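One structure below.
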Amino acid sequence: MSIIRCENLGFRHDRAPGDILGDISFEVCPSELVMIVGASGTGKSTLLRLLNRLQDPDRGQRWFQNKRYEEWPIPQLRKRIGLALQGAVMLEGTVLDNILAGPRIWHEMIDPAEYLGLVHLPTDYLMRPARDLSGGERHRVALARLLANHPDVLLLDEPTAALDPGSRMEIGDLIRDLFQKWQDRLTVVWVSHFLDEVERYADRVLYLEGGSMVLDGPWSEIGKEITRRLFDKGYIEGGVLS
Amino acid sequence: MHADLAPGKLVLLLVLIGISLIISRIRRYGLERDLLEGTVRTFVQLFAVGFVLDAIFRANHWYWTVLMLLVMVVVATQNASRRGRGIPGIFWWAGVSIACGTLLTMMLLLGLQIIQFSPRYVIPVGGMIIGNSMIASGLVLNRFLEDLALKRERVETYLSLGASPEFAIKNVLSPSVRGGMIPTVDSMKTVGLVSLPGMMTGAILAGDNPLGAVELQIMVMLVLATAVMITSTVLGYILSRVAFTPSQQLITLQQPTR
């Protein structure tokens with residue numbers, strides 16, 4: 001049984017000709033870590049936005065826990081399928097304000113220090129202004145903010161982008177460890193730009209090309225084909241998508 | 001002294017514009033055409049409105065007064081809504097906001113019998129209220145579009161956590177509404193110290209006792225602050241609604257044009 005299911009999703013931007021996404025169908029099973037990979041502009045971020053309902057598709061249907069998206073109250077759906085937008089966006093105020101953003105919306109009580117601990121940041125970070133954080137710290141706080149909202153699914157849009165290789169690996173391992181710790185209640189859909197990450201962490205890989213889902217399977221089966229396709233199109237430089 | 005300008009003297013004052021034209025020509029500012037156009041417009045527009053007001057004052061019918069205020073609201077709306085290009089239905093929303101601010105304060109003034117329902121009072125006071133509401137609406141819209149472009153991702157982050165649109169946009173909206181209020185609040189703080197306000201100056205030049213003019217001016221300042229607050233708040237509320245689709249998704253708006 002799938003937790004998220006999409007059928008024939010199509011999306012077109014108001015101001016640009018042609019489809020950004022065309023006819024995308026896939027399922028995500030509970031407790032699965034799925035990674036979405038593809039060259040820039042293939043609609044990976046758009047797909048995550050459609051899954052969090054920040055946008056609606058022009059065609060096709062989405063289901064969450066076998067109920068159509070339109071049947072869910074929108075705020076509740078977004079809480080349960082949480083999205084960390086690209087670029088580790090920080091909200092106004094301190095780290096504490098960021099971690100409490102979700103619980104304040106939902107009037108829930110949480111221990112902020114616990115969530116800071118989950119992303120390996122010391123408690124004295126709570127009162128720091130979020131705008132003063134480094135890139136890696138922002139990614140950690142964005143992750144803690146998402147987790148503090150108690151989602152069933154984590155949609156992560158390039159959670160390791162713009163980091164040095166060491167920090168990238170640290171955040172990647174952190175996400176994998178959190179996922180393994182809470183695997184019985186957490187599903188992860190992770191858009192990545194790094195093939196080494198995909199190989200290292202993904203249970204299953206979805207490969208997007210030109211707005212269509214071209215390959216779907218474990219890295220061990222489709223990894224070579226993905227690499228070949230990206231290399232042929234000149235998108236790979238030293239294992240990294242450019 | 002009573003200000004008394006015969007038309008002949010007014011024409012003589014064109015010498016002042018002549019000085020500006022000469023300076024602009026010598027210094028090559030390239031403002032001659034604009035200066036001439038501005039001068040002609042000043043004469044034509046003010047005399048036109050003078051004749052219209054004179055006719056309305058003489059006729060003294062309520063419907064002419066209301067029509068005049070309506071025309072002012074429409075022109076103010078058109079001007080203010082330019083700052084909000086790209087927002088669906090912005091002309092109507094700006095109009096509703098300006099009309100709300102104007103109507104509520106006017107009703108208060110008339111209801112409490114602070115001014116009489118006579119074109120001589122209603123039109124100039126209404127004009128000031130509408131003018132200030134127009135400036136406030138323009139500022140709110142400009143700031144809103146600028147802030148939304150900068151903070152779009154934050155608004156979407158709140159939405160993605162399950163926040164309502166009103167909650168998500170709160171931090172964009174408050175500075176915009178505050179921005180609309182600032183000129184009025186600032187002018188309240190410095191009134192009389194930096195410059196004498198137009199209405200008071202006009203009343204004194206027309207021969208009024210300065211203390212009487214002061215009372216009138218205080219009324220105007222308080223009324224304007226209220227009108228601007230109502231207009232900015234109504235517009236802010238409307239913006240928090242129209243910036244989202246029925247599915248609680250942030251619409252894409254274009255950057256403000258200056």
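What are the residue pairs meeting all of these: first residue in the range B:21-39, first residue under 24 Å from B:L10 (Cα atoms), second residue part of a helix (DSSP H, G or I) and β-branched (V, I, T), Cβ atoms under 6 Å, and 6 or more apart or on different chains? Partner pairs satisfying both residue conditions: B:T39/B:I17. Check the range A:44-62 and report whether any residue there is among the hydrophobic types (A, V, I, L, M, F, W, C), within 20 Å of the chain's Cα centre (by Cα), more than 18 Å from A:L206 (Cα to Cα) and surrounded by 14 or more Cβ atoms within 10 Å (Cβ to Cβ). Looking through the range A:44-62, at least one residue is among the hydrophobic types (A, V, I, L, M, F, W, C), within 20 Å of the chain's Cα centre (by Cα), more than 18 Å from A:L206 (Cα to Cα) and surrounded by 14 or more Cβ atoms within 10 Å (Cβ to Cβ).
Taking the conditions exactly as written (within 14 Å of chain A (Cβ to nearest Cβ) and of a type in the set (D, E)), does B:E166 satisfy them or not? Yes; evaluated as a whole, the condition is true for this residue. Of the residues making up the range A:74-98, those that are of a type outside the set (S, T, N, Q) and closer than 26 Å to A:I3 by Cα are A:I74, A:P75, A:L77, A:R78, A:K79, A:R80, A:I81, A:G82, A:L83, A:A84, A:L85, A:A88.
Residues in the range B:174-183 that are surrounded by fewer than 22 Cβ atoms within 10 Å (Cβ to Cβ) and either among the hydroxyl-bearing types (S, T, Y) or within 14 Å of chain A (Cβ to nearest Cβ) (or both): B:S174, B:P175. Counting only residues that are more than 9 Å from chain A (Cβ to nearest Cβ) and in contact (Cβ under 8 Å) with a residue 24 or more places away in the chain, the range B:130-163 holds 22 of them. For the range B:217-227, the criterion of being closer than 21 Å to B:L159 by Cβ, open to solvent by 30 Å² or more (accessible area, probe 1.4 Å), more than 14 Å from chain A (Cβ to nearest Cβ) and assigned to a helix (DSSP H, G or I) is met by no residue.
Flag: B:N79 matches the condition of being modelled with pLDDT under 95, under 28 Å from B:I17 (Cα atoms) and among the polar types (S, T, N, Q).
Could you please give the count of residues in the range A:97-113 that are open to solvent by 40 Å² or more (accessible area, probe 1.4 Å) and touching a Leu at 6+ places or on another chain (Cβ under 9 Å)? Count: 2.
Among the residues making up the range B:19-54, those that are under 23 Å from B:P124 (Cβ atoms) and either aliphatic (A, V, I, L, M) or over 22 Å from the mean Cα position of the chain (by Cα) (or both) are B:V44, B:L46, B:A48, B:V49, B:F51, B:V52, B:L53, B:D54. Exactly one residue out of A:R15, A:R68, A:R78 is out of contact with any helix residue (DSSP H, G or I) (no Cβ under 8 Å at 6 or more places or on another chain), charged (D, E, K, R) and modelled with pLDDT of 95 or more, and it is A:R68.
Just the residues that are of a type outside the set (A, V, I, L, M) and buried (at least 18 other Cβ atoms within 10 Å of the Cβ), please, taken from the range A:69-79.
Within the range A:69-79, A:Y69, A:W72, A:P75, A:R78, A:K79 meet the criteria.
For the range B:79-123, filtered to residues that are free of Cβ contacts under 8 Å to residues at least 24 places away in the same chain and over 22 Å from B:Y63 (Cβ atoms), the residue that is surrounded by the most Cβ atoms within 10 Å (Cβ to Cβ) is B:F91. Mind listing whichever residues of the range B:241-258 are closer than 30 Å to B:L161 by Cβ and either within 22 Å of the chain's Cα centre (by Cα) or open to solvent by 70 Å² or more (accessible area, probe 1.4 Å) (or both)? Answer for the range B:241-258, where residues must be closer than 30 Å to B:L161 by Cβ and either within 22 Å of the chain's Cα centre (by Cα) or open to solvent by 70 Å² or more (accessible area, probe 1.4 Å) (or both): B:R241, B:P246, B:T252, B:Q254, B:Q255, B:P256. Among the residues of the range A:142-149, are any open to solvent by 10 Å² or more (accessible area, probe 1.4 Å), touching a Ser or Thr at 6+ places or on another chain (Cβ under 6 Å) and closer than 23 Å to B:F167 by Cα? Checked against the condition, which is being open to solvent by 10 Å² or more (accessible area, probe 1.4 Å), touching a Ser or Thr at 6+ places or on another chain (Cβ under 6 Å) and closer than 23 Å to B:F167 by Cα, the range A:142-149 yields no hits at all.
Remark: B:P197 matches the filter, which requires a residue to be more than 26 Å from B:L253 (Cα to Cα) and either open to solvent by less than 50 Å² (accessible area, probe 1.4 Å) or more than 14 Å from chain A (Cβ to nearest Cβ) (or both). Here A:S40 meets each of (1) open to solvent by 10 Å² or more (accessible area, probe 1.4 Å); (2) closer than 23 Å to A:S192 by Cβ; (3) within 13 Å of another protein chain (Cβ to nearest Cβ) with one exception, condition (3).
The values are calculated or read from the model by the stated rules, or taken from the named source; none is laboratory data. Here the structure is a predicted model, which means the values were calculated and not measured. Here the Cβ is made from the backbone with ideal geometry for all residues, glycine too, and neighbour counts use every protein chain on show. Note: accessible area is taken over every heavy atom of the protein model, side chains too, but ligands, DNA and RNA are not part of it. Shrake-Rupley method; radii C 1.70, N 1.55, O 1.52, S 1.80 Å.
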